[in-house]
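Here the structure is laid out as structure tokens; the discussion comes afterwards.
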Ligand code: PGA
């Protein structure tokens, strides 16, 4: 088991930067500052087109690499897609699955559940993104999260659940101006553990790592980790700014 104070920080580059030269520079700049990483698990998730080059450039043992999406099928007539097996063969250790931007492009819970299964079968860690579109005063968002978790984890059994990472990302906070409050993060974290307790059991539920994502920055990172009691962060924009990304890691390592 990872020690309780070992946090996970995942940098999701999304469809950035604009070319391979810039991607190599970005990973180089992050690597230069990586001495500052003492105890966190840091995962860089570049676009799949840059994966091999970005991973190849970095010999730092402190940085692991992941994919932003994969297909569950091993091979096939799926023009433009990349399989979980291909990602694994390139050295990916983590795969983000069900990011809200992909769900927005039409990805379904059924597809997501199959991707989670395929990724786990290959020994990689699925980072399953869940999150509500809006909060409603009758608690509809809580029901929504429960349904989402149940559908997306349908193929994950009792023996495997603790290997899954859940990234809670309320859609209105992704790419926005503000994260939600650490109090709200804490509430959702508890809710997620409660749902997982019902689906599996309490012991298992508390072993599952829950991350927060959505407008994480230098100013709010510590508070989200401390107040939200989450196991780490999924960072979008600030993972493209090496100084900020490393500073986020440094700040949470002082907790
Ligand atoms: P953001 O993105 O940090 O830019 O809000 C987070 C994400 O999409 O994972």
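The values are calculated or read from the model by the stated rules, or taken from the named source; none is laboratory data. Just so it is clear, the model here is predicted, and its values are computed rather than measured. Backbone-built Cβ (ideal geometry, glycine too); neighbour counts: all protein chains shown.
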Among residues of the stretch 102-135 being surrounded by 19 or more Cβ atoms within 10 Å (Cβ to Cβ) and within 14 Å of the ligand (Cβ to nearest atom), the residue nearest to the chain's Cα centre (by Cα) is 127
So is residue 217 modelled with pLDDT of 95 or more, assigned to a helix (DSSP H, G or I), within 11 Å of the ligand (Cβ to nearest atom) and under 27 Å from residue 19 (Cβ atoms) or not? no
When the residues of the stretch 130-156 are narrowed to those that are in contact with a strand residue (DSSP E or B) (Cβ under 9 Å, 6 or more places away or on another chain) and assigned to a loop (DSSP other than H, G, I, E, B), which ends up farthest from residue 74 (Cα to Cα)? 131
Within the stretch 229-246, the count of residues that are within 15 Å of the ligand (Cβ to nearest atom) and within 16 Å of residue 191 (Cβ to Cβ) comes to 1
Being without any contact (Cβ under 8 Å) to a residue 60 or more places away in the chain, within 20 Å of the chain's Cα centre (by Cα) and either in a loop (DSSP other than H, G, I, E, B) or farther than 18 Å from residue 246 by Cβ (or both) is the filter here, so list the residues in the stretch 17-57 that pass it. 46, 47, 48, 49, 50, 51, 52, 55
Filtering the stretch 149-177 down to residues that are over 20 Å from residue 229 (Cβ atoms) and within 16 Å of the ligand (Cβ to nearest atom), which residue is surrounded by the most Cβ atoms within 10 Å (Cβ to Cβ)? 174
Does residue 94 satisfy the criteria of being under 16 Å from the mean Cα position of the chain (by Cα), within 16 Å of the ligand (Cβ to nearest atom) and within 23 Å of residue 54 (Cα to Cα)? yes
Going through the stretch 111-129 one residue at a time, which ones are closer than 20 Å to residue 192 by Cα, touching a helix residue (DSSP H, G or I) at 6+ places or on another chain (Cβ under 7 Å) and either free of Cβ contacts under 8 Å to residues at least 60 places away in the same chain or part of a helix (DSSP H, G or I) (or both)? 112, 113, 116, 125, 126, 128
The one condition in (1) at positive phi; (2) crowded, with 20+ Cβ neighbours inside 10 Å; (3) touching a strand residue (DSSP E or B) at 6+ places or on another chain (Cβ under 9 Å) that residue 215 fails to fulfil: (3)
Quick one: in the stretch 196-214, which of the residues that are part of a helix (DSSP H, G or I) and within 19 Å of the chain's Cα centre (by Cα) is nearest to the ligand (Cβ to nearest atom)? 196
